Amino acid sequence: MRFDIATILPDAFTSYLNESIIKRAIDNKLIEVYIHDIRSFSENKHHKVDDIPFGGGAGMVMTPQPLYDCLTHIKTLNPGPVVYMTPQGRKFTQSKAEKLSLKSGLILLCGRYEGIDNRIRETLIDSELSIGDYVLTGGELAAMVILDSVARLIPNVLGKEESHLEDSFSKKLDRKKEYPHYTRPAEFKGKKVPEVLLSGNHKAIADWRKNHLK
Ligand code: 6GU
């Protein structure tokens, strides 16, 4: 699956994309991720990407020209929908992550300031997503959340144990929560792992886990 992200803060993504599971997924060619600096598309001599709102009011608005040129460029490379990250968008959920993970591409536009010029919303945006009921300074963290949650659902991105099939939010477990996890040592600072988990009795372990879902 191919991800293209349009942002005015491209460096915000570099450390994240160079870590652990996402880096391995890119190295193994399971996903491709391209970051596009909206500012580099600006025809303004100072590479300006924002301007004051018509009609007045607080804050700045992302100006249409750089967004138009950046998104139309990306659309020649990625067949996926253009999703605008905004606190006004529909709430992102595990079920939306599952649907997006079936697509061959996804284009994420990160908003900053008060928002983007509405003509871009009307013409180039397919949907709008929010990651929760709080306001961030920009869409970059939200785009990383979506990238991470979608990428891990792509076959072979997680280890061969495919532990997402047992996730707390998977339909199989009827949205029940997780049971408590323990690893070695069997005793740590005087606190012992529940005896049943050491017993090797698979039926008893399954029962214990079912009774401790939270
Ligand atoms: Cl997608 N963007 C911003 N700026 N704030 C948010 C958000 C997105 N989702 C929740 N808060």
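The values are calculated or read from the model by the stated rules, or taken from the named source; none is laboratory data. The shown structure was predicted, so the numbers you read here are calculated from the model rather than taken from an experiment. Cβ atoms come from the backbone with ideal geometry, glycine included; neighbour counts cover every protein chain shown.
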Discussion item. Which pairs turn up if I take residues in segment 191-214 that are farther than 13 Å from His181 by Cα and look for partners that are assigned to a helix (DSSP H, G or I) with beta carbon separation below 6 Å, at least 6 apart in sequence or on another chain?
Written reply: Ala204/Val196
Worksheet item: Does at least one position in segment 21-44 carry a residue that is within 16 Å of the ligand (Cβ to nearest atom), crowded, with 19+ Cβ neighbours inside 10 Å and among the aliphatic types (A, V, I, L, M)?
Response: yes
Fill in: Residues located in segment 102-118, provided they are at pLDDT 95 or above, closer than 11 Å to Met62 by Cβ and surrounded by fewer than 18 Cβ atoms within 10 Å (Cβ to Cβ)
Asn118
Discussion item. Anything in segment 104-137 that is touching a residue at least 60 places away in the same chain (Cβ under 8 Å) and within 14 Å of the chain's Cα centre (by Cα)? List them, or say none.
Written reply: Gly105, Leu106, Ile107, Leu108, Leu109, Cys110
Practice prompt. List every residue pair whose Cβ atoms sit under 6 Å apart, with the two residues 6 or more apart in sequence or on different chains, where the first one lies in segment 140-155 and is in contact (Cβ under 8 Å) with a residue 24 or more places away in the chain and the second, anywhere, is of a type in the set (Ser, Thr, Tyr).
Written response: Glu140/Thr7; Met144/Tyr16; Val150/Ser101; Leu153/Ser101; Ile154/Ser101
